[in-house]
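Asks: Sharing a structure here in structure tokens format.
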Amino acid sequence: MFTLRTILKKPRTEGFGVRLAVALLAVLALATGCKTSAHSTDSRVRKIDEMLDVELPKGTNMAKVDFFLSARGFQIENSGEAQTIVAIVRQVDTETLRPQNARVIFHFDPSGQLISYELAEAPDEPLHP
């Protein structure tokens with residue numbers, strides 16, 4: 001197996017530039033491939049997870065999360081904890097045209113900034129206007 005050290009140790013006459021480019025691309029691929037923002041391994045809520053990850057990144061203010069959920073008509077449940085918001089997020093998967101429902105628990109730090117959230121599949125219920 002080649003390591004970055006063995007690739008770079010070979011003399012320049014043996015395609016040093018190509019080896020360097022390949023090594024840099026491999027490092028870049030590993031660095032970007034290891035970044036995962038998945039909050040759930042459940043494929044049934046993957047699209048919801050992706051949407052929330054884009055719209056509500058870590059550090060988002062609690063008021064903005066509450067507004068985001070309310071503005072889209074997502075049901076907010078009483079969590080019983082000051083630094084937590086629990087919501088039922090519903091959407092339709094545009095690829096399968098099937099509804100996806102997730103119970104999402106948002107966790108905030110004492111200053112009201114989003115630390116993380118976790119998702120679990122929620123049972124299907126009729127959508128209310």
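The values are calculated or read from the model by the stated rules, or taken from the named source; none is laboratory data. All values derive from a computational prediction rather than experimental measurement. Here Cβ is always computed from backbone atoms with ideal geometry, including for glycine, and neighbour counts include all displayed protein chains.
Asks: Sort out which residues of region 75-107 are acidic (Asp, Glu) and assigned to a strand (DSSP E or B), and write them in order of number.
Replies: Our first condition is that a residue be acidic (Asp, Glu); within region 75-107, this holds for 77, 81, 93, 95.
Hit for region 75-107 is 77, nothing else.
Asks: Would you pick out the residues in region 55-87 that are modelled with pLDDT of 95 or more and either among the aliphatic types (A, V, I, L, M) or not assigned by TED's automatic domain parsing to the domain that holds residue 116 (or both)?
Replies: Residues satisfying the conditions are 56, 62, 63, 65, 69, 71, 85, 86, 87.
Asks: Still on this structure: Quick check on region 102-129: of everything there that is farther than 13 Å from residue 63 by Cα and touching a helix residue (DSSP H, G or I) at 6+ places or on another chain (Cβ under 8 Å), which residue is surrounded by the most Cβ atoms within 10 Å (Cβ to Cβ)?
Replies: Top of the filtered list is 102.
Asks: Still on this structure: For region 57-66, check the following and say yes or no: at least one residue is touching a Gly at 6+ places or on another chain (Cβ under 7 Å) and either exposed (fewer than 13 other Cβ atoms within 10 Å of the Cβ) or not in a strand (DSSP E or B) (or both). Please lay out each step first, then the result.
Replies: Step one: of region 57-66, the residues touching a Gly at 6+ places or on another chain (Cβ under 7 Å) are 61-62.
Applying the additional criterion that residues be either exposed (fewer than 13 other Cβ atoms within 10 Å of the Cβ) or not in a strand (DSSP E or B) (or both) yields 62.
Looking through region 57-66, at least one residue is touching a Gly at 6+ places or on another chain (Cβ under 7 Å) and either exposed (fewer than 13 other Cβ atoms within 10 Å of the Cβ) or not in a strand (DSSP E or B) (or both).
Asks: Right, residue 104: free of Cβ contacts under 8 Å to residues at least 40 places away in the same chain and either touching a Cys at 6+ places or on another chain (Cβ under 9 Å) or of a type outside the set (Asp, Glu) (or both) or not? Spell out how you get there, then give the answer.
Replies: On the way: free of Cβ contacts under 8 Å to residues at least 40 places away in the same chain: no; either touching a Cys at 6+ places or on another chain (Cβ under 9 Å) or of a type outside the set (Asp, Glu) (or both): yes.
Here the answer is no, as residue 104 does not meet what is asked.
Asks: Quick one: residue 127 ticks every box in (1) of a type in the set (A, V, I, L, M); (2) in the same structural domain as residue 48 (by TED's automatic domain parsing); (3) modelled with pLDDT under 95 except a single one, so which number is it?
Replies: (2)
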